[in-house]
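To start, the structure under review is shown below, and the notes come after it.
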Amino acid sequence: MARVSATLPTIDIPNDIKPVDGRFGSGPSLVRPDAVAALAEAAPTFLGTSHRQATVQFMVGALRNGLAELLRLPDGYDVVLGNGGTTSFWDAATFGLIEHRSQHLSFGEFSSKFASGVAAAPFLDDPVVIASEPGTHPATSADADVDLYALTHNETSTGVMMPLERPTGVAADDGLVAVDATSGAGGLRFDAAQTDVYYFAPQKALAADGGLWLAACSPAAIERIERIAASDRWVPASLDLKIALDNSRKDQTYNTPALATVFLAAHQVDWINDNGGLEWAASRCDRSAEIIYGWAERSPVATPFVADPAMRSHTVATIDLDDSVDALTVSGVLRQNGIVDTESYRKLGRNQLRIALFPAIEPSDVEALCACIDHVIEHLA
Ligand SMILES: *Cc1c(COP(=O)(O)O)cnc(C)c1O
């Protein structure tokens with residue numbers, strides 16, 4: 001359905017209606033200029049120094065402790081980190097968290113990728129995949145054969161969020177709940193006690209840069225990691241969660257991390273905690289969601305893609321445009337005006353805009369973006 005626009009019309013958006021910051025991408029996403037300035041200031045004694053010395057270890061420790069506070073982790077939960085982003089964490093989880101069989105809720109590009117990676121692992125039983133149409137999410141189904149339930153807090157490709165709850169009647173010892181929260185962590189409310197592994201990379205909801213994975217692990221998850229590590233399953237060292245756990249407890253990573261990413265993530269977590277924590281950040285996202293979906297519902301040419309308001313993501317909004325307006329043209333004109341990354345997820349193939357509503361993005365800028373989209377549509381007509 002999405003059409004390719006050969007040439008873009010020239011439409012100048014007046015400066016006084018533009019957002020202060022024009023970055024609305026769903027990842028890598030807006031990094032706050034204050035965080036970048038703080039990094040520049042810290043750089044002479046931080047960047048280019050050993051990651052096994054106190055300065056960097058202190059920052060890793062601040063990130064781990066700050067996340068425990070932000071995510072309101074119950075006692076006994078531990079924040080583990082390693083290199084390679086969420087995609088590497090899927091591989092690490094395939095090796096070191098799934099005992100025999102996993103169940104996956106598949107409702108978009110990212111959730112389906114973890115499932116297909118697991119399906120290819122020769123040492124695991126075939127995963128149970130519960131899929132639903134793009135724009136919706138499926139529900140877990142308690143299954144005695146399953147020892148890990150793979151959920152996604154926010155499906156970035158479609159703009160669907162889901163509540164996090166243990167499958168009915170399933171205790172952590174019977175089935176771990178592992179949640180990909182890459183585009184949700186720090187922006188969506190949840191109860192950590194309903195999860196055993198809440199994992200993410202920090203370049204989306206957390207407004208840092210890529211290359212790292214972070215995972216809040218419950219005592220049951222840690223027990224699983226230790227049990228599989230003690231078994232005779234072969235695991236490559238860089239994907240070994242026991243090695244990652246042991247290093248994390250020393251505020252280190254197994255191999256060299258991107259120090260700038262560690263710094264920016266710690267800075268963002270502090271910023272949220274200092275302002276009131278997860279409730280404050282989630283309220284900002286609620287406000288942005290109210291603005292963008294409200295605008296779409298009032299617009300004669302726009303409609304929220306996700307039909308059920310409860311499933312509409314408060315961190316990534318997907319907005320369909322009707323056939324009279326080409327979404328790629330709208331995104332292209334916005335881009336020419338310095339407002340970037342509003343294109344929809346390619347593979348979804350819809351005439352759609354996708355707009356990040358992460359905590360670092362000012363709700364007033366989301367409001368300004370709506371005015372800019374209206375301006376572009378008006379001048380295309
Ligand atoms: C972006 C994204 C990923 C992939 O993250 P990488 O750090 O690039 O590996 C995985 N899951 C979700 C939900 C995402 O949004």
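The phi torsions of the range 278-294, fed into the Karplus equation with coefficients 6.51, -1.76 and 1.60 and a -60° offset, translate into couplings of 4, 4, 5, 5, 5, 5, 4, 5, 4, 5, 4, 5, 4, 5, 6, 6, x Hz, rounded to whole numbers, with Gly and Pro shown as x. Compute the helix-to-body angle for 85-96: its Cα long axis versus the longest principal axis of the chain, expressed 0 to 90° and rounded to tens. Orientation of helix 85-96: about 30 degrees from the principal axis.
Working note: Debye formula, equal point scatterers on the alpha-carbon atoms of the range 164-240, no solvent; log10 I(q)/I(0) at q = 0.18, 0.20 Å⁻¹ is -0.83, -0.95.
Listed values for the range 302-314 are Karplus-derived 3J(HN,Hα) couplings in whole Hz (6.51 cos²θ - 1.76 cosθ + 1.60, θ = phi - 60°), namely 10, 8, x, 5, 7, 6, 7, x, 5, 8, 5, 5, 9, and x replaces Gly and Pro. The sum of -39500 (n - 2.57) across all DSSP H runs of n ≥ 4, divided by the residue count of the chain, sets its helix-only mean residue ellipticity at 222 nm to -12000 deg cm²/dmol. Counting only protein heavy atoms and a 1.4 Å probe, the range 42-274 has 37 square angstrom of accessible area per residue. Extension gain, Asp16 to Asp174: 0.36 nm times the residue separation minus the Cα-Cα distance gives 51.2 nm. Remark: accessible surface ordering of Asp78, Asp322 (largest first) is Asp322, Asp78, probe radius 1.4 Å. Note on the range 42-274: along the principal axes its Cα atoms extend 52, 40, 30 Å, ordered by decreasing extent. Couplings 3J(HN,Hα) of the range 18-35, computed from phi: 6, x, 4, 10, x, 9, 10, x, 8, x, x, 10, 2, 9, 4, x, 4, 5 Hz, in residue order, whole Hz [Karplus 6.51 cos²θ - 1.76 cosθ + 1.60, θ = phi - 60°; x for Gly and Pro].
The fraction of accessible area contributed by carbon and sulfur in the chain is 52 percent, rounded to a whole number (1.4 Å probe; ligands and nucleic acids excluded). For Glu343, nonlocal amide neighbours, meaning residues 5 or more places apart or on other chains whose placed amide H falls under 5 Å from its own, are Arg354. Which of Ser29, Ile361, Ala181 sits farthest toward the positive end of the charge dipole of the chain, with +1 on the Cβ of Lys and Arg and -1 on the Cβ of Asp and Glu? Of the candidates, Ser29 comes out farthest on the positive side. Look at the alpha carbon pairs under 8 Å that are at least 6 residues apart: their mean separation over the length of the chain gives a relative contact order of 26 percent.
Relative to the longest principal axis of the Cα atoms of the chain, helix 219-229 runs at roughly 60 degrees.
Taking a straight Cα-Cα cut-off under 22 Å and skipping sequence neighbours fewer than 8 places away in the same chain, the lysines within cross-link reach of Lys204 are Lys113, Lys347. Taking amide H as placed 1.01 Å from N in the peptide plane, Leu212 has its amide H under 5 Å from the amide H of Gly84, Gly85, each at least 5 places away in sequence or on another chain. Taking the longest Cα principal axis of the chain as reference, the axis of helix 363-380 is set at about 40 degrees.
Kirkwood hydrodynamic radius (Cα pairs, Å) of the range 1-139? This gives a value of 20.2 Å.
The values are calculated or read from the model by the stated rules, or taken from the named source; none is laboratory data. Being a predicted model, the structure only gives us computed values, none of them experimental. Cβ atoms come from the backbone with ideal geometry, glycine included; neighbour counts cover every protein chain shown. Accessible surface areas use protein heavy atoms only, side chains included; no ligands, DNA or RNA. Shrake-Rupley method; radii C 1.70, N 1.55, O 1.52, S 1.80 Å.
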